[in-house]
1. Using only the Cα atoms of the chain, build the gyration tensor, take square roots of its eigenvalues as a ≥ b ≥ c, and label the shape rounded, prolate or oblate: rounded if a/c is under 1.5, else prolate if a/b is larger than b/c, else oblate.
2. For the chain, what does the helix formula give at 222 nm: sum of -39500 (n - 2.57) over DSSP H segments with n ≥ 4, over the residue count, nearest 500 deg cm²/dmol?
3. Where a ≥ b ≥ c are the square roots of the eigenvalues of the C-alpha gyration tensor, would you call segment 81-179 rounded, which needs a/c under 1.5, or, failing that, prolate if a/b is larger than b/c, or oblate?
4. Tell me the label-point distance for the pair residue 176, residue 55, using the 7 Å Cα-to-Cβ offset, in nm and rounded to one decimal.
5. From the Cα gyration tensor of segment 128-172, with a ≥ b ≥ c the square roots of its eigenvalues, which class applies: rounded if a/c is under 1.5, or else prolate if a/b is larger than b/c, or else oblate?
6. If amide hydrogens are placed 1.01 Å from N in the peptide plane, which non-local residues have theirs closer than 5 Å to the one on residue 164?
7. Compute the accessible area per residue over segment 31-151, keeping the other protein chains in place, probe 1.4 Å, unit Å².
8. Among the lysines, select those whose C-alpha is under 21 Å from the C-alpha of residue 103, and discard any that sit fewer than 8 residues away in the same chain.
Amino acid sequence: PLVLLWLTDKWALSIPMLQFVCISYAFIPINNANLQAISAMGRSDIYIKLEIIKDSIGVALLGSAFAVSVYGGLGENGIFLVLAVQAIISIISVIVNAVPNKKLLDYSLKEQFCDILPSLILAVAMGSLTWAFTLLNLPNWLTLIIQVVFGVSFYFGVAKLFKFECLTYLMSTVKEYLNKRKGK
């Protein structure tokens with residue numbers, strides 16, 4: 001509804017593309033955390049090796065996707081293949097970046113996945129439920145308002161109910177910031 005409201009129906013074909021990009025970007029925090037841990041250990045040698053490995057994989061996969069798009073007769077739909085491959089590369093990057101942290105920090109990919117699983121489940125549930133409001137065929141502006149209000153309420157409500165550590169951290173950070181602002 002946001003794309004249709006702001007950019008009109010002319011941009012409707014960009015919506016699936018944005019969805020693929022969102023999947024790719026969802027893995028950035030995990031990748032950055034792993035890379036920062038490696039950097040913090042002073043292991044720039046490992047960091048650069050990981051970047052070379054990921055870039056090699058990325059170039060090979062994106063090159064293949066591009067070739068299939070151009071020479072496979074996909075035409076305009078080839079962009080969807082390229083974006084899907086980019087999402088896959090993001091997932092591969094998580095695995096590649098996490099492997100050294102098992103040795104360096106004794107923090108395996110499985111442990112990382114278990115740590116983010118509750119937040120992931122909550123985010124997917126919230127996303128699925130907010131998406132369901134598009135099925136009501138309400139005006140885009142109303143759908144968007146309902147989705148935002150419901151999504152925020154659902155996410156924070158469930159996080160508070162299950163006492164998610166990330167919510168506790170966020171709330172304490174906001175309180176600390178507000179207290180500092182009052183003190184000025």
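1. Numbers: a/c = 2.17, a/b = 1.02, b/c = 2.13.
Because a/c hits 1.5 or more and a/b fails to exceed b/c, the chain counts as oblate.
2. Details: 8 runs with 153 residues, N = 184.
One gets -28500 deg cm²/dmol as the mean residue ellipticity at 222 nm.
3. Numbers: a/c = 2.57, a/b = 1.30, b/c = 1.97.
Oblate.
4. 3.6 nm
5. Values: a/c = 4.62, a/b = 2.74, b/c = 1.69.
It is prolate, given that a/c is not under 1.5 and a/b is the larger ratio.
6. HN-HN under 5 Å from residue 164: empty list.
7. On the way: 7430 Å² over 121 residues.
So segment 31-151 comes to 61 Å² accessible per residue, rounded to a whole number.
8. Hits, sequence-local ones excluded: 49, 54.
The values are calculated or read from the model by the stated rules, or taken from the named source; none is laboratory data. This one's a predicted model, so the numbers in the text were calculated from it and none came from an experiment. Heads up, the Cβs are rebuilt from the backbone with ideal geometry, glycines too, and the neighbour counts pull from every protein chain shown. Surface areas here come from the heavy atoms of the whole protein model, side chains and all, with no ligands, DNA or RNA. Shrake-Rupley method; radii C 1.70, N 1.55, O 1.52, S 1.80 Å.
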